1. Return the pairs, sorted by first residue and then second, in which the second residue is buried (at least 17 other Cβ atoms within 10 Å of the Cβ) and in a loop (DSSP other than H, G, I, E, B), the first residue lies in segment 96-122 and is without any contact (Cβ under 8 Å) to a residue 24 or more places away in the chain and of a type outside the set (D, E), the beta carbons are less than 6 Å apart, and the residues are 6+ apart or on different chains.
2. Look through A126, A138, A147, A160 and report the one residue that is in contact with an Asp or Glu (Cβ under 6 Å, 6 or more places away or on another chain), among the small types (G, A, S) and part of a helix (DSSP H, G or I).
3. Taking interchain pairs and intrachain pairs at least six residues apart, which have beta carbon atoms under 6 angstrom, with the first residue in segment 53-78 and within 13 Å of Y157 (Cα to Cα) and the second polar (S, T, N, Q)?
4. Taking the conditions exactly as written (acidic (D, E), under 27 Å from A10 (Cβ atoms) and surrounded by fewer than 24 Cβ atoms within 10 Å (Cβ to Cβ)), does D164 satisfy them or not?
5. Among the listed residues G267, G261, G217, which satisfies the condition of being surrounded by fewer than 22 Cβ atoms within 10 Å (Cβ to Cβ), in contact with a Lys or Arg (Cβ under 6 Å, 6 or more places away or on another chain) and at pLDDT below 95?
6. Just the residues that are in contact with a Phe, Trp or Tyr (Cβ under 7 Å, 6 or more places away or on another chain) and either of a type in the set (F, W, Y) or surrounded by 19 or more Cβ atoms within 10 Å (Cβ to Cβ) (or both), please, taken from segment 220-241.
7. Quick one: would you say V91 is surrounded by 17 or more Cβ atoms within 10 Å (Cβ to Cβ) and in a helix (DSSP H, G or I)?
8. Determine if segment 79-88 includes at least one residue that is charged (D, E, K, R) and not in a helix (DSSP H, G or I).
Amino acid sequence: MRRRPLAAAAGLVADMALGEPPVRPHPVSVFGAWMRMVEGRIYRDRRSAGVAHACVGVATGAAAGALLHSTAASTYLAVAQHELTRAAAGVRDSLVAGDIVEARRRLPALVGRDVDDLDDKEVARAVVESVAENCVDAVVAPVLWAAVGGAPAVLAYRAANTLDSTVGHRSPRYRRYGWASARLDDAANFVPARLTAALVMTVRPRCAGAVWRATRGDARAHPSPNAGVAEAAYAAALGLRLGGPNRYQGRLEVRPSLGDGRPPEPGDIDRAVALCRDVSVLLAALLAASGVLG
């Protein structure tokens with residue numbers, strides 16, 4: 001148990017340095033195929049069926065972690081800081097080159113909203129919001145779960161987060177079936193989201209007061225108890241204003257304003273990525289120190 005924080009830090013550093021492991025097919029795609037098969041067998045338009053789906057998925061992740069029996073390797077598989085940086089940089093490059101069509105084409109790798117009618121500033125906002133949310137989902141949360149519960153916990157978390165992204169949204173098919181997966185992901189990210197805000201305050205100390213006010217005030221109006229905290233923290237730390245109208249499969253959702261700065265511009269993507277990198281480095285350093293001293 002004392003070595004878990006150090007192993008979790010090692011897995012995060014490996015991802016930052018090396019990127020995704022060269023394993024084909026990727027374990028997440030294998031898991032997704034398995035859960036699609038499970039869904040095909042047990043799907044019913046009922047919450048009870050969705051609970052069974054979530055239980056199978058989390059149990060699969062925990063079992064994979066137990067078989068792998070390495071906290072460092074499991075963390076390396078679960079985190080995606082390098083891939084997040086690469087995807088955000090790809091959209092930024094397209095925006096800087098003035099190619100809005102290519103920027104829109106790349107954007108679905110980061111967000112689930114409709115992208116066809118977004119202008120350059122709306123694309124930039126989408127990327128900054130995604131970097132903020134994924135700093136929790138793809139970095140802080142898996143590393144924290146690895147440090148606390150080892151390999152089974154981190155891969156169970158990655159399973160829960162993947163389930164939320166596949167069946168947890170409010171489409172007619174998944175309104176009931178995906179309820180359990182969505183609520184499970186909310187619970188698993190509750191502490192990591194707030195830890196992310198604390199790490200943001202630490203790496204951007206001049207903005208700590210603004211981050212505190214935004215996460216305590218603005219985030220409450222966001223429909224997600226966790227994404228709102230992360231996005232509010234990023235908005236305040238970067239001097240931006242996030243939120244606004246988003247479309248999901250043609251359905252309009254107006255998100256609350258987060259922060260009191262200016263709207264994001266393409267150049268702010270690099271600043272958001274740098275903030276996520278600094279949070280990742282600080283988290284790795286804290287866990288490594290904890291493991292060594294422990």
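The values are calculated or read from the model by the stated rules, or taken from the named source; none is laboratory data. All values reported here derive from a predicted model rather than from experimental measurement. So basically every Cβ, Gly included, is an ideal-geometry build from the backbone, and we count neighbours across all protein chains shown.
1. Listed by first residue and then by second, the contacts come to R104/V115; L107/V115.
2. Values: A126 fails: in contact with an Asp or Glu (Cβ under 6 Å, 6 or more places away or on another chain); A138 fails: in contact with an Asp or Glu (Cβ under 6 Å, 6 or more places away or on another chain); A147 fails: in contact with an Asp or Glu (Cβ under 6 Å, 6 or more places away or on another chain).
After ruling out the rest, the residue left standing is A160.
3. Hits for this filter: A54/S181; G65/S74.
4. Yes; evaluated as a whole, the condition is true for this residue.
5. Working: G267 fails: in contact with a Lys or Arg (Cβ under 6 Å, 6 or more places away or on another chain); G217 fails: in contact with a Lys or Arg (Cβ under 6 Å, 6 or more places away or on another chain).
G261 is the lone residue from the list that is surrounded by fewer than 22 Cβ atoms within 10 Å (Cβ to Cβ), in contact with a Lys or Arg (Cβ under 6 Å, 6 or more places away or on another chain) and at pLDDT below 95.
6. In the first step, residues of segment 220-241 are kept if they are in contact with a Phe, Trp or Tyr (Cβ under 7 Å, 6 or more places away or on another chain); the result is 225-226.
N226, the sole residue that qualifies.
7. Working: surrounded by 17 or more Cβ atoms within 10 Å (Cβ to Cβ): yes; in a helix (DSSP H, G or I): yes.
Against the criterion (surrounded by 17 or more Cβ atoms within 10 Å (Cβ to Cβ) and in a helix (DSSP H, G or I)), V91 qualifies.
8. Within segment 79-88, none of the residues are charged (D, E, K, R) and not in a helix (DSSP H, G or I).
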